[in-house]
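*Asks:* Below are the structure tokens for one structure; questions will follow.
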Amino acid sequence: MPEPSLLPAGADQPVLVFDSGIGGLTVLREARVLIPERRFVYVADDAGFPYGGWAEDVLRDHIVMLFGKLLRAYQPALCVVACNTAFTVAGAALRTVYPDTVFVGTVPAIKPAAERTRSGLVSVLATPGTVQRDYTRRLIQSFASRCQVRLVGSARLAQMAEAYIRGLPVPDEDIRTEIAACFVEDGAARTDIVVLGCTHYPFLSNVFRRLAPWPVDWLDPAEAIARHARSLLPLADHALHPDAADSAVLTGGEPDFATRRLMNSFGLAVAD
Ligand code: DGL
């Protein structure tokens with residue numbers, strides 16, 4: 001006989017956090033603080049990583065197909081698509097194809113950057129996919145038309161973040177090269193905000209700060225995304241079920257030792 005549950009109906013449904021790799025962990029760590037009563041399933045589509053160079057329609061179909069399987073397998077209370085590259089191309093399709101699922105998206109934080117900049121010079125550092133998206137251009141037109149926005153697409157930084165977080169050497173010079181175009185001078189004005197438009201990049205933000213030619217605000221949207229997710233879930237009057245454990249699902253199958261250790265260090269048991 002099943003044990004009688006003390007939780008209200010649906011309270012044992014997890015929050016699913018999705019990214020192509022480790023980037024969504026930057027959102028997961030904020031979400032856990034704000035949503036302590038839920039179990040989390042972290043999904044890294046490492047078989048598809050990096051998303052940055054995929055053709056838009058192929059990536060959209062791939063993500064919609066993958067979510068079909070994930071929703072069936074985990075029946076989440078809510079999904080956080082913690083990946084700019086994925087959400088800017090597939091967010092609308094996910095909401096259309098799975099109308100009963102709540103999706104919280106991640107898009108480059110252009111609006112808050114435009115509100116905060118003093119110099120009017122803002123840069124968006126993201127994957128090549130995200131900087132090419134119509135979605136990103138519409139954000140600029142809608143919220144930052146008075147700013148000078150420089151879009152900087154990096155084909156290598158997400159991989160560098162993957163290496164860095166696993167303790168592998170990433171030469172300063174390589175990172176400096178990738179971020180250099182973010183720094184713009186126009187007369188006396190200089191870039192004062194760089195939007196981290198890829199969830200992988202906050203793992204490198206200390207390195208960015210050290211290598212930047214001048215200090216800027218590196219805008220990480222993780223906390224705002226977590227707050228949004230919190231606002232969409234009912235407030236809980238119950239604690240997390242003592243047997244509940246957060247888990248990581250990797251689409252590539254058996255992860256290597258460094259990946260398993262990394263997931264474990266975030267308190268995630270790697271699902272087989
Ligand atoms: N973390 C993803 C993002 O926020 C991108 C990494 C990739 O290229 O797959 O855009």
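*Asks:* Rounded to the nearest 0.05, what FRET efficiency do TYR98 and ALA188 give with R0 = 51 Å and r taken as the Cβ-Cβ distance? Could you check?
*Replies:* The pair TYR98/ALA188 has a calculated efficiency of 0.55.
*Asks:* What's the carbon and sulfur percent of the chain's accessible surface, probe 1.4 angstrom, rounded to a whole number?
*Replies:* 52 percent
*Asks:* A further question follows. Answer with one residue from SER145, ALA224, GLN13: the one whose Cα lies farthest towards the positive end of the charge dipole of the chain, charges on Cβ with Lys, Arg +1 and Asp, Glu -1.
*Replies:* So the residue we want is SER145.
*Asks:* Follow-up. Once each part is reduced to its C-alpha centroid, what is the distance from the range 132-194 to the range 29-96 in angstrom?
*Replies:* Here the two parts' Cα centres lie 23 Å apart.
*Asks:* Also, I was wondering about something else. Near the amide H of VAL17, under 5 Å away, which other amide H atoms are found, from residues 5 or more places off or on another chain, if H is placed in the peptide plane?
*Replies:* Long-range HN contacts for VAL17: VAL41, TYR42, VAL43, VAL80.
*Asks:* Once both axes come from the Cα atoms, what is the angle between helix 134-143 and the longest principal axis of the chain, in degrees from 0 to 90, rounded to 10?
*Replies:* Long axis of 134-143 versus the principal axis of the chain: about 70 degrees.
*Asks:* Which one of VAL184, VAL216, VAL58 has the biggest mean-square fluctuation once the chain is modelled by GNM with Cα springs under 10 Å?
*Replies:* Looking only at VAL184, VAL216, VAL58, the largest GNM fluctuation is found for VAL58.
*Asks:* First measure r as the distance between the Cβ atoms of ALA258 and ASP61, then evaluate 1/(1 + (r/R0)^6) with R0 = 41 Å and state the FRET efficiency to the nearest 0.05.
*Replies:* 0.85
*Asks:* Let's test this: bin the Cα-Cα distances of the range 121-169 at 10 Å from zero up to the farthest pair and state each bin's percent.
*Replies:* 25, 40, 23, 11, 1
*Asks:* Which whole-Hz couplings ³J(HN,Hα) result when phi for each residue of the range 17-24 is put into the Karplus expression 6.51 cos²θ - 1.76 cosθ + 1.60, θ = phi - 60°, listed in order with x for Gly and Pro?
*Replies:* 10, 10, 7, 6, x, 8, x, x
*Asks:* Right, another one. Magnitude of the Cβ-charge dipole of the chain, K/R +1 and D/E -1, about the Cα centre, nearest 20 debye?
*Replies:* That gives the chain a dipole magnitude of about 680 debye.
*Asks:* Taking springs between alpha-carbon atoms closer than 10 angstrom, which of ALA31, ALA229, ALA163 fluctuates most in the Gaussian network model of the chain?
*Replies:* Top of the fluctuation ranking is ALA163.
*Asks:* Here is a follow-up. For the range 73-229, give the share of DSSP beta bridges that are antiparallel, in percent and rounded to the nearest 5; count only bridges with both residues there.
*Replies:* 10 percent
*Asks:* Given just the C-alpha atoms of the chain, how large is their convex hull per residue in cubic angstrom?
*Replies:* 134 Å³
*Asks:* Can you tell which of CYS79, CYS147, CYS198 shows the greatest fluctuation in a Gaussian network model of the chain with Cα springs below 10 Å?
*Replies:* Ranking CYS79, CYS147, CYS198 by mean-square fluctuation puts CYS147 first.
*Asks:* Pull up all non-local amide H partners of LEU219: gap of 5 or more, or a different chain, and H-to-H distance under 5 Å with H placed in the peptide plane.
*Replies:* VAL194, VAL195, LEU196
*Asks:* Can you sort PHE40, PHE183 by 1.4 Å-probe accessible area, starting with the largest?
*Replies:* Solvent-accessible surface, decreasing: PHE183, PHE40.
*Asks:* For the Cα atoms of the chain, what angle does the longest principal axis make with the long axis of helix 56-74, in degrees from 0 to 90, nearest 10?
*Replies:* It works out to around 30 degrees.
The values are calculated or read from the model by the stated rules, or taken from the named source; none is laboratory data. As the structure is a computational prediction, the values presented were derived from the model and not from experiment. All Cβ positions, even for glycine, are placed from backbone atoms using ideal geometry, and neighbour counts span all protein chains on display. For accessibility, only protein heavy atoms count, side chains too; no ligands or nucleic acids. Shrake-Rupley method; radii C 1.70, N 1.55, O 1.52, S 1.80 Å.
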